[in-house]
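In what follows, a single structure is set out as structure tokens and then discussed.
Just so it is clear, none of the values below were taken in a lab; they were calculated from the coordinates. All values reported here derive from a predicted model rather than from experimental measurement. Reconstructed Cβ throughout: ideal geometry from the backbone, glycine too, with neighbour counts over all protein chains shown.
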Amino acid sequence: MGIIASVLVALAGLLHVYIFVLESVRWRAPATWRIFGLTSQEDADTTAPLAYNQGFYNLFLAIGAVLGAVLLFVSPFGTTVHTVGFTLALFSAASMLLAALVLLSTGISRLRSAAIQGTLPLLGVAFLLLSLL
């Protein structure tokens, strides 16, 4: 279960790196702002500072998730490093999952985005908790 959890949390982290790139690096590109439902370059320019900030939140969660998954994967069960990896992976994945739920709370039209953002973290959290049994 621990290996599956590590892979799922690492994949969630990589997805959030991609979201970071979209929000903080490529936001003003028409192909990117259309993904997020914006309809004009003016809207993209107006919201760029918010997206830039949000992108970095996603990057920081991604770093925590990937680092936690790596520590969890490479350390023997019962060691301090394993415990740190588990805690970091669980915190990061749970934060991603909760952020997806917050996104969904803004309206049912965000269901697809919330599902994309939250499915891997949900599975990661589930398998992390199952690995405790």
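Roughly speaking, what % of Cα-Cα pairs in the chain are separated by over 19 Å, rounded to a whole number? Kindly include the intermediate steps, with their values, before the conclusion.
Working: 4402 of 8778 pairs.
Value for the chain (Cα pairs over 19 Å): 50 percent.
Sort 4-11, 41-48 by the packing proxy (mean of other Cβ within 10 Å over each peptide's residues), most packed first. It would help to have the intermediate numbers written out before the result.
Numbers: 4-11: 22.8, 41-48: 13.6.
The most tightly packed comes first, giving 4-11, 41-48.
Can you list which of the chymotrypsin sites (Phe, Trp or Tyr not before Pro) found in segment 1-98 are DSSP loop residues with at most 12 other C-beta atoms within 10 Å? Counting only loop positions with at most 12 other Cβ atoms within 10 Å, the chymotrypsin sites (Phe, Trp or Tyr not before Pro) in segment 1-98 are PHE77.
Annotation: Cα Rg of segment 17-60 relative to the compact-globule expectation 2.2 N^0.38 Å equals 1.01. Output the 0 to 90 degree angle, nearest 10, between the alpha-carbon long axis of helix 111-130 and the longest principal axis computed from the alpha carbons of the chain. Relative to the chain, helix 111-130 is tipped by roughly 10 degrees.
Rounding to the nearest 20 debye, state how big the charge dipole of segment 1-117 is about its Cα centre with +1 on each Lys and Arg Cβ and -1 on each Asp and Glu Cβ. Mind dumping the intermediate values first?
Values: 5 positive and 4 negative charges, 38 e Å.
The calculation lands at about 180 debye.
Which whole-number percentage describes the relative contact order of the chain, with Cα contacts under 8 Å and a sequence gap of 6 or more? Intermediate values should be presented prior to the final figure.
Working: 193 pairs, mean separation 45.5, N = 133.
Rounded, it is 34 percent for the chain.
With a Förster radius of 25 Å applied to the beta-carbon distance between ARG110 and ASP45, the computed FRET efficiency rounds to 0.65.
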